[in-house]
Amino acid sequence: MMNTIAVIPGDGVGPEVAREATETVTALGLDLTFDVLDHINADTYLETGVAMSEDDLQRVRRAGGVLFGAVGDPRVSSTGYARDILLRLRFEFDLYVNHRPAALLHDRVSPLRDPARRAIDLVVVRENTEGLYLGVGGVLRGGTKDEVAIDEEVNTYLGVSRILDYAFSVARRSVCMVDKSNAVRHGGQLWQRCWCEAVARRPDVETSHLYVDAAAMNLVADPTRFDVVVTNNSYGDILSDLTAQLAGGIGSAASVNLNPETGFALFEPVHGSAPDIAGKGIANPIGALESAALLLDRHGHSGEARALRDAVRRTVAAGRCTPDLGGTLTTAQAGAAIRAELLATG
Ligand code: NAI
Ligand code: MG
């Protein structure tokens, strides 16, 4: 795997947290170098009308993966601009898996204070290239009181089968498939058929099925029941914000967008550009750092990845963290505290 990582810091808190991630990886002294594309942002888009150029895409293609901050800016419409960057990269590199782990950082930061409910350690596997977010559909009589707006949900046999197989490939104990096949007829039937086939291929793994409404309830009632939760694009988007909050908040949640066949991957915190706190220096860098840990895993540095996760947990336990986790540190101080822990033990 190529050792150059393209970095797209983006907008808002994106550059603030991405800096902590690249500095931390750099501090490990590994054979990884960064190609920083810090001109991909809303300023450039407002100036040129282009979110990401052909030349940018070439640079990303030459890299072995992408470390991403966040994109989005109050001055531009997300549907045009953010789509052009993040959704474009997902489709361009066929990053059909969105792997979103949730593991409890510390008792104090979860709403679930009952000790028996606190052992959260699960992954939401979200289908990333189909479903409701393709922009298939249209508007009839737009802008009038007779407007009809339709967004169609796309499900393919290939798309559903491959995300289910990925879910089984990362299962430690069990896989729970989540759909709404009692209400969403056609796609629901396809998910059910592919699920039966995938289950038959992996008799060694414990399996279950839940409708998405029941899944939301059960994830809060007893998250310890879950190991891998696999679902479509929109349900995965929503359930992974829920699991992020259970495990310590959106600022700490990590993800990887991945094509398991090519190995190309884009690593990013689950949060967006957080315009409400951007520039204040208080963004939690842990989501970006945990995303960097996923990058280290995939680039053959799983020892360092484990050390980084342990360092993060120790700083949170000591209360050395940003305000969203009950601390008083700035983004840079929190990043530096984690690096100090990491290098002290590493
Ligand atoms: P958001 O994730 O940016 O913010 C939601 C809430 O979480 C805010 O109160 C924010 O202050 C807080 N938060 C987010 N990251 C944090 C961090 N690192 N530390 C502490 N608190 C943090 O979601 P929102 O407000 O819905 O979207 C803002 C912009 O970001 C929009 O333009 C949206 O389109 C974009 N966005 C981009 C994403 C991406 O680049 N992958 C993902 C989600 C949203
Ligand atoms: Mg989301």
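Here is how the numbers come out for the structure above:
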{"item": "For the chain, calculated [θ]222 nm from helices alone, where every DSSP H run of n ≥ 4 adds -39500 (n - 2.57)", "result": "-12500 deg cm²/dmol"}
{"item": "Anisotropy class of the range 1-158 from Cα gyration tensor, a/c 1.5 cut", "result": "oblate"}
{"item": "The range 1-24 versus the range 48-72: alpha-carbon centroid distance in Å", "result": "12"}
{"item": "Fraction of the pair-distance distribution of the range 65-133 above 18 Å, Cα-Cα pairs, percent", "result": "58"}
{"item": "³J(HN,Hα) computed for each position of the range 300-315 - Karplus, 6.51 cos²θ - 1.76 cosθ + 1.60, integer Hz, glycine/proline x", "result": "x, 10, 6, x, 5, 4, 4, 4, 5, 5, 5, 4, 4, 5, 5, 5"}
{"item": "Three semi-axes of the equivalent ellipsoid, the range 203-285, Cα gyration tensor, whole Å, largest first", "result": "27, 19, 11"}
{"item": "Estimated distance in nm for a label pair at ARG62 and SER174, the labels positioned 7 Å out from Cα along Cα-to-Cβ", "result": "4.9"}
{"item": "For the range 146-161, 3J(HN,Hα) per residue [Karplus equation, 6.51 cos²θ - 1.76 cosθ + 1.60, θ = phi - 60°, Hz, x = Gly/Pro]", "result": "9, 4, 10, 10, 10, 10, 9, 9, 9, 10, 10, 4, 4, x, 6, 4"}
{"item": "Diffusion coefficient, µm² s⁻¹, Stokes-Einstein with Kirkwood Rh over alpha-carbon pairs of the chain at 10 °C and 1.306 mPa s", "result": "76"}
{"item": "The range 161-254 - Debye-derived log10 I(q)/I(0), Cα point model, q = 0.20 Å⁻¹", "result": "-1.00"}
{"item": "Under 5 Å, built H, 5+ apart or other chain: amide partners of PHE264", "result": "ASN259"}
{"item": "Whole-Å semi-axes of the range 251-325's equivalent ellipsoid (Cα gyration tensor)", "result": "24, 17, 7"}
{"item": "Estimated translational D of the range 197-346 in µm²/s (Stokes, Kirkwood radius over Cα pairs; 4 °C; 1.567 mPa s)", "result": "76"}
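Just so you know, all these numbers are worked out from the coordinates, no wet-lab data involved. Note that the coordinates shown come from a computational prediction; the quantities given were computed from them, not determined experimentally. Neighbour counts are summed over all protein chains in view; Cβ atoms, including those assigned to glycine, are modelled from backbone coordinates with ideal geometry.
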